[in-house]
1. Anything in segment B:147-184 that is more than 8 Å from chain A (Cβ to nearest Cβ), open to solvent by 20 Å² or more (accessible area, probe 1.4 Å) and over 17 Å from the mean Cα position of the chain (by Cα)? List them, or say none.
2. Of the residues B:LYS68, B:LYS20, only one is at pLDDT below 95, out of contact with any Ser or Thr (no Cβ under 9 Å at 6 or more places or on another chain) and closer than 21 Å to B:GLU96 by Cα; which?
3. In segment A:49-73, which residue that is surrounded by 15 or more Cβ atoms within 10 Å (Cβ to Cβ) and within 16 Å of DNA strand D (Cβ to nearest atom) is nearest to A:ALA19 (Cα to Cα)?
4. Just to be sure before I move on: is B:ARG127 within 10 Å of another protein chain (Cβ to nearest Cβ) and surrounded by fewer than 20 Cβ atoms within 10 Å (Cβ to Cβ) in the structure I sent?
5. Residue pairs, Cβ under 6 Å, 6 or more apart or interchain, first in segment B:97-112 and under 21 Å from B:LEU73 (Cβ atoms), second of a type outside the set (Ser, Thr, Tyr) and not in a helix (DSSP H, G or I). List them.
6. For segment B:109-124, what are the residues that are outside any loop (DSSP other than H, G, I, E, B) and surrounded by 13 or more Cβ atoms within 10 Å (Cβ to Cβ)?
7. Looking at A:THR85, is it under 21 Å from B:ILE190 (Cα atoms), out of contact with any strand residue (DSSP E or B) (no Cβ under 7 Å at 6 or more places or on another chain) and either within 11 Å of another protein chain (Cβ to nearest Cβ) or not polar (S, T, N, Q) (or both)?
8. Could you check how many residues of segment B:144-193 are of a type outside the set (Gly, Ala, Ser), within 20 Å of B:THR85 (Cβ to Cβ) and part of a helix (DSSP H, G or I)?
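The values are calculated or read from the model by the stated rules, or taken from the named source; none is laboratory data. None of these values were measured; they are calculated from a predicted model. Cβ: placed from backbone, ideal geometry, glycine included. Neighbour counts: every protein chain shown. Side chains are part of the model used for accessible areas, which takes the heavy atoms of the whole protein and leaves out ligands, DNA and RNA. Shrake-Rupley method; radii C 1.70, N 1.55, O 1.52, S 1.80 Å.
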There are 2 protein chains.
Amino acid sequence: MNKRKTQKQSTRENIIAAAKTIYVDKGILNTATSQIADTANIAHGTLFLHFPNKDSLIIELIDVELSKFSDNLKQLILETSDVRTILNRYLTLIQEEEGFFSTLACELPYYKRELRRQILFRQSLIREHFHQVIQQGIEQNIYAKINIPCALTFLFGTINYYLSLNKSFVQEGSVLNKFHEQIIDIFIKILQK
Amino acid sequence: MNKRKTQKQSTRENIIAAAKTIYVDKGILNTATSQIADTANIAHGTLFLHFPNKDSLIIELIDVELSKFSDNLKQLILETSDVRTILNRYLTLIQEEEGFFSTLACELPYYKRELRRQILFRQSLIREHFHQVIQQGIEQNIYAKINIPCALTFLFGTINYYLSLNKSFVQEGSVLNKFHEQIIDIFIKILQK
DNA sequence: TAACTCGGTGAGCGTGCGCTCAGCTAAAGG
DNA sequence: CCTTTAGCTGAGCGCACGCTCACCGAGTTA
């Protein structure tokens, strides 16, 4: 790899890193591309040499983050099929990037259709895995015969709600960390007979 | 009241009605004030004779709607203290203005601090009433000794989640209507022993 | 009826944002 | 060492939006 190519790649990574900082801090929809460029220490125009428009930068940024998240999740899923354990680690993974997921929760309704589709597709895969594990529990007579999709909406809806609240109303610290145990307890209660 | 005053009041009401139509349809943050004026069949400048700026129009619009909602809710609260009944009618009230509450759910994180405070204060009053009714149920040994605030967050979080989904992903009809019974059933299950 | 008041009008101002492009510099190529 | 090329620069274009203001005409007043 020659000097030019490494330089180019490094600039691109700078842009994504800067965009992520801003994303976590105050969201990206209401941030000017010029500010992203400033944060990345590049000229405004340079940004558009690496990304044809603001949307494609957002798409790449989110895709990079969600890929990391999915990879982590896949691993944990292979290790156990205990709902409490999986949920516990799922929440921990989100907490580690809580700023990111808070912004995602708030901005999701405003992304372009295609990006929203991508994000929701990834979410549906996670949902499906939870579904299978709970289904096993029901078949083994551990859990009650509940409406699984609806129970999962309670779970993901609540997490989503906490994440939006965090961004809007809590100054410091992690909301999910504070309510971690309570979320798990109530969800398990929904599953139980 | 002379002709000028009635004319002025009617114009003001036209503006709020137009703003509400747009609010329900596609939200107001991403709508130009010129379009609100078009919908109300008035000149762009007229809007700013009745409201000093866009924000104060949003504030009044939301305040009018939430007042109506609160009044309705107060009445139903006086009539019964059965959680299922109250929740049932609470959901019905939201359904009747589902478009409005969908937009509210999506836009809330982006409103100015003061407006957000107002909206959340109203929500906290509703929350408090649910809290009291459930507390009664626990004292009468009908329900388990659960963490009430956390249970309520599951409820409101889920409703909020359904509302945002509705706006983004469902073309026609009411999401809350479709899942009305399931929401009630699962919430009651959380309360039960 | 003449003078005055006041709600309404809409062209246009200021600003901010996404994005472009002519020009520059330094690395790559011969 | 000279030419070519790739990556970067930043002034500035076009547009959209919130908001203003000089002007108009109908309603009110005396």
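1. B:PRO149, B:VAL170, B:GLN171, B:GLU172, B:GLY173, B:LYS178, B:GLU181 - these are the residues of segment B:147-184 that are more than 8 Å from chain A (Cβ to nearest Cβ), open to solvent by 20 Å² or more (accessible area, probe 1.4 Å) and over 17 Å from the mean Cα position of the chain (by Cα).
2. B:LYS68
3. A:LEU57
4. no
5. Note: pairs meeting the criteria are B:THR103/B:GLY27.
6. B:PRO109, B:TYR110, B:LEU115, B:ARG116, B:GLN118, B:ILE119, B:LEU120, B:ARG122, B:GLN123 - these are the residues of segment B:109-124 that are outside any loop (DSSP other than H, G, I, E, B) and surrounded by 13 or more Cβ atoms within 10 Å (Cβ to Cβ).
7. Spelling it out, it is not the case that A:THR85 is under 21 Å from B:ILE190 (Cα atoms), out of contact with any strand residue (DSSP E or B) (no Cβ under 7 Å at 6 or more places or on another chain) and either within 11 Å of another protein chain (Cβ to nearest Cβ) or not polar (S, T, N, Q) (or both).
8. Of the residues in that region, 22 qualify.
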